[in-house]
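Asker: Have a look at this one before I ask anything.
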Amino acid sequence: MKICVFFNFYFRYAFFPYVFLLMTVLVPLLALLMLFAVAPAISIVHATSPIITATGTSYATQPFTLTGERTADGNTFLTGTFVDDVFEGTFVGTASNVFGLVLNPSGLNVQLYFTFTGTVNGIPGTCIIKFQGNGEGILMPIKGTWVILSGTGGLTNLHGTLKVEGIGGTYLNYNGKIHFDP
């Protein structure tokens, strides 16, 4: 009987602080940790559009127009525009662009932004594409990257990066992955 009274007293009063701590702090903390561990597994799945392989060629139909030129430290800086570039392939339409390029003893560095109007994979709209590349010089081999920055119409949610290679100022072959966000 004395043993029962001892255990009854011991469990009732000696463990009470631990039971209180377990029920008020540890159980809610464990539930919160499990929520963070399980939540990523049950998150909402976003619908995505398929990745499209985009290939084709863009042609400069007219010579570029220089709008600025200066020389400093052995570098020649040129700015200008192209109009009515023609696109074939996944991109079908025309574009105009504003460019800036640097000619230096080691070659050509170019950056341009063009406004494309037409269809991409059959979807009409307009988009802004940034081209950044380098090569040997004007009207010589050039390589670079196109990044689709923004769009309107059906091309509002168009995104992608394409590799570009060709002869600067004449044609560029493009190849890369694009997709439309839902």
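The values are calculated or read from the model by the stated rules, or taken from the named source; none is laboratory data. From a predicted model like this one, the values you see are computed outputs, not experimental measurements. As a convention, Cβ positions derive from the backbone with ideal geometry for all residues, glycine included, and neighbour counts pool all protein chains shown.
Asker: Those residues that are assigned to a loop (DSSP other than H, G, I, E, B) and touching a Cys at 6+ places or on another chain (Cβ under 9 Å), I need them from the range 148-182; list them, please. Break it down into steps so the answer makes sense when it comes.
Answerer: So in the range 148-182, the residues assigned to a loop (DSSP other than H, G, I, E, B) come out as 154-157, 168-170, 181-182.
Within the range 148-182, L155, T156 qualify.
Asker: Then there is this: Going residue by residue through the range 98-111, is there one that turns out to be closer than 30 Å to P50 by Cα and touching a strand residue (DSSP E or B) at 6+ places or on another chain (Cβ under 8 Å)?
Answerer: Our first condition is that a residue be closer than 30 Å to P50 by Cα; within the range 98-111, this holds for 111.
From what's left, touching a strand residue (DSSP E or B) at 6+ places or on another chain (Cβ under 8 Å): 111.
Looking for residues that are closer than 30 Å to P50 by Cα and touching a strand residue (DSSP E or B) at 6+ places or on another chain (Cβ under 8 Å), one finds at least one in the range 98-111, hence yes.
Asker: Right, another one. Could you check how many residues of the range 64-86 are among the aliphatic types (A, V, I, L, M), over 13 Å from I138 (Cα atoms) and modelled with pLDDT of 90 or more? I'd like the intermediate steps shown before the answer.
Answerer: Pass one, the range 64-86, residues among the aliphatic types (A, V, I, L, M): 66, 72, 78, 83, 86.
Filter once more, keeping what is over 13 Å from I138 (Cα atoms): 72, 83, 86.
Still in the list and also modelled with pLDDT of 90 or more: 72, 86.
Summing the residues that are among the aliphatic types (A, V, I, L, M), over 13 Å from I138 (Cα atoms) and modelled with pLDDT of 90 or more in the range 64-86 gives 2.
Asker: Further question: Look at D73 and say whether it is over 15 Å from L172 (Cβ atoms), assigned by TED's automatic domain parsing to the domain that holds N173 and of a type in the set (D, E, K, R).
Answerer: Working: over 15 Å from L172 (Cβ atoms): yes; assigned by TED's automatic domain parsing to the domain that holds N173: yes; of a type in the set (D, E, K, R): yes.
For D73, the condition - over 15 Å from L172 (Cβ atoms), assigned by TED's automatic domain parsing to the domain that holds N173 and of a type in the set (D, E, K, R) - is met.
Asker: Does the range 66-92 hold any residues that are part of a strand (DSSP E or B), touching a residue at least 24 places away in the same chain (Cβ under 8 Å) and within 30 Å of the chain's Cα centre (by Cα), and which are they?
Answerer: Across the range 66-92, the qualifying residues are F77, L78, F82, D85, V86, F87, E88, G89, F91, V92.
Asker: All but one of (1) under 17 Å from the mean Cα position of the chain (by Cα); (2) in contact (Cβ under 8 Å) with a residue 60 or more places away in the chain hold for T156; state the number of the condition that does not hold.
Answerer: The single condition T156 does not satisfy is (2).
Asker: What residue, among those in the range 121-130 that are part of a strand (DSSP E or B) and either not assigned by TED's automatic domain parsing to the domain that holds T94 or not aliphatic (A, V, I, L, M) (or both), is surrounded by the fewest Cβ atoms within 10 Å (Cβ to Cβ)?
Answerer: Step one: of the range 121-130, the residues part of a strand (DSSP E or B) are 123-130.
Within this subset, residues satisfying the condition of being either not assigned by TED's automatic domain parsing to the domain that holds T94 or not aliphatic (A, V, I, L, M) (or both) are 124-127, 130.
Details: P124: 13, G125: 18, T126: 17, C127: 25, K130: 15.
Filtering the range 121-130 for residues that are part of a strand (DSSP E or B) and either not assigned by TED's automatic domain parsing to the domain that holds T94 or not aliphatic (A, V, I, L, M) (or both), the one surrounded by the fewest Cβ atoms within 10 Å (Cβ to Cβ) comes out as P124.
Asker: Just for the range 74-97: of the residues that are of a type in the set (V, I, T) and closer than 18 Å to Y113 by Cα, which one is surrounded by the fewest Cβ atoms within 10 Å (Cβ to Cβ)? Write out each step before concluding.
Answerer: Of the range 74-97, the ones of a type in the set (V, I, T) are 76, 79, 81, 83, 86, 90, 92, 94.
Remaining after also requiring closer than 18 Å to Y113 by Cα: 79, 81, 83, 86, 92, 94.
On the way: T79: 15, T81: 15, V83: 13, V86: 15, V92: 16, T94: 16.
Checked the range 74-97; the qualifying residue surrounded by the fewest Cβ atoms within 10 Å (Cβ to Cβ) is V83.
Asker: Any idea which of G118, G176 is under 14 Å from the mean Cα position of the chain (by Cα) and surrounded by 15 or more Cβ atoms within 10 Å (Cβ to Cβ)? So that I can check it myself, show each step before the final result.
Answerer: Numbers: G118 fails: under 14 Å from the mean Cα position of the chain (by Cα).
Answer to the check: G176.
Asker: Which pairs turn up if I take residues in the range 93-113 that are over 21 Å from Y59 (Cβ atoms) and assigned by TED's automatic domain parsing to the domain that holds G80 and look for partners that are aliphatic (A, V, I, L, M) and not in a loop (DSSP other than H, G, I, E, B) with beta carbon separation below 6 Å, at least 6 apart in sequence or on another chain?
Answerer: N109/V102
Asker: If you take the residues of the range 131-144 that are touching a residue at least 24 places away in the same chain (Cβ under 8 Å) and assigned to a strand (DSSP E or B), which of them is nearest to N175 (Cα to Cα)? Outline the logic, then answer.
Answerer: Narrowing the range 131-144 to residues touching a residue at least 24 places away in the same chain (Cβ under 8 Å): 131, 133-142, 144.
After this cut, where a residue has to be assigned to a strand (DSSP E or B) as well, the list is 131, 133-135, 141-142, 144.
Numbers: F131: 13, G133: 15, N134: 17, G135: 18, P141: 16, I142: 14, G144: 11 Å.
By that ranking, first place goes to G144.
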